[in-house]
1. Would you mind classifying the range 42-179 by shape? Square roots of the alpha carbon gyration tensor eigenvalues, ordered a ≥ b ≥ c; an a/c under 1.5 is rounded, otherwise it is prolate if a/b is larger than b/c and oblate if not.
2. Leaving ligands and nucleic acids out of the surface, order 177, 65 by accessible area at 1.4 Å, largest first.
3. Quick check: at a probe of 1.4 Å, how many percent of the accessible area of the range 115-157 sits on carbon and sulfur atoms?
4. Please list 32-42, 81-91 highest first by mean number of surrounding beta-carbon atoms within 10 Å per residue.
5. Can you give the helix-only mean residue ellipticity at 222 nm for the chain, where every DSSP H stretch with n ≥ 4 adds -39500 (n - 2.57) and the sum goes over all residues, rounded to the nearest 500 deg cm²/dmol?
6. Could you give the length gained on full extension between residue 153 and residue 47, defined as 0.36 nm per residue of separation minus the Cα-Cα distance, in nm?
7. Which whole-number value in Å² is the accessible area per residue of the range 1-148, probe 1.4 Å?
8. Say each of residue 166 and residue 65 gets a label point 7 Å from the Cα, pointing the same way as Cα to Cβ; how far apart are those two points in nm?
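The values are calculated or read from the model by the stated rules, or taken from the named source; none is laboratory data. Worth saying up front: this structure is predicted, and the values here are computed from it rather than measured. Here the Cβ positions follow ideal geometry from the backbone for every residue, glycine too, while neighbour counts run over all protein chains shown. Surface accessibility is based on the protein's heavy atoms, side chains included, excluding ligands, DNA and RNA. Shrake-Rupley method; radii C 1.70, N 1.55, O 1.52, S 1.80 Å.
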Amino acid sequence: MSTTEVQTQALPAGTYNADRVHSSVSFEVEYMGIGTFSGEITDFDASLVDGRLAGAARIATLEVKDENLHAHLLSPEFFDAERYPEVSFSTDAAEVSGDQVRFEGELTIKGITRPATLTGTIVGPTTDPYGNERYGLDLETTVDRTQFGITWNNDMPNGTKALADEVTLKADLSLVKAA
């Protein structure tokens with residue numbers, strides 16, 4: 001095998017579910033050209049079943065540092081959480097090369113489904129102190145929020161927009177093999 005070939009292997013068979021205490025789902029977006037605005041969703045689920053990754057995050061549990069911003073993000077100008085309470089991702093397979101993993105799938109936000117690629121690292125398997133088999137996935141993707149109907153913005157005095165269109169979505173998952 002040449003050094004440019006990718007060795008692909010399957011993820012383990014069976015069902016692995018996210019341990020939400022030791023996992024996180026979050027987003028980051030450039031704000032005013034000088035910093036990053038971020039948030040985390042605390043109520044989510046994710047599972048890896050025979051190499052297929054799927055998950056959903058309940059938007060109402062989005063945590064940000066300002067309660068007023070929280071209400072705005074849940075409004076129709078952003079996630080419209082009342083009409084679209086979940087963001088979801090699903091895939092049929094993964095490509096693994098060493099500790100690198102790539103999931104091709106579909107992301108749904110505000111009822112709009114688009115292709116998305118999650119990339120990152122995989123760690124495991126390992127056995128925790130309680131005898132459970134675990135895998136770790138640290139994944140991210142960048143999407144254009146306007147393709148999902150999230151178009152709100154504000155003009156800056158210099159003519160630029162306050163909020164970038166590109167948003168990085170992150171999932172740091174500790175997956176536990178189901179009994």
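1. prolate
2. If we order 177, 65 from most to least accessible, we get 65, 177.
3. 49 percent
4. Listed from highest to lowest mean packing, they are 81-91, 32-42.
5. -1000 deg cm²/dmol
6. 34.8 nm
7. Computed with neighbouring chains in place, this is 57 Å² per residue.
8. With each label placed 7 Å out from Cα toward Cβ, I get 2.3 nm.
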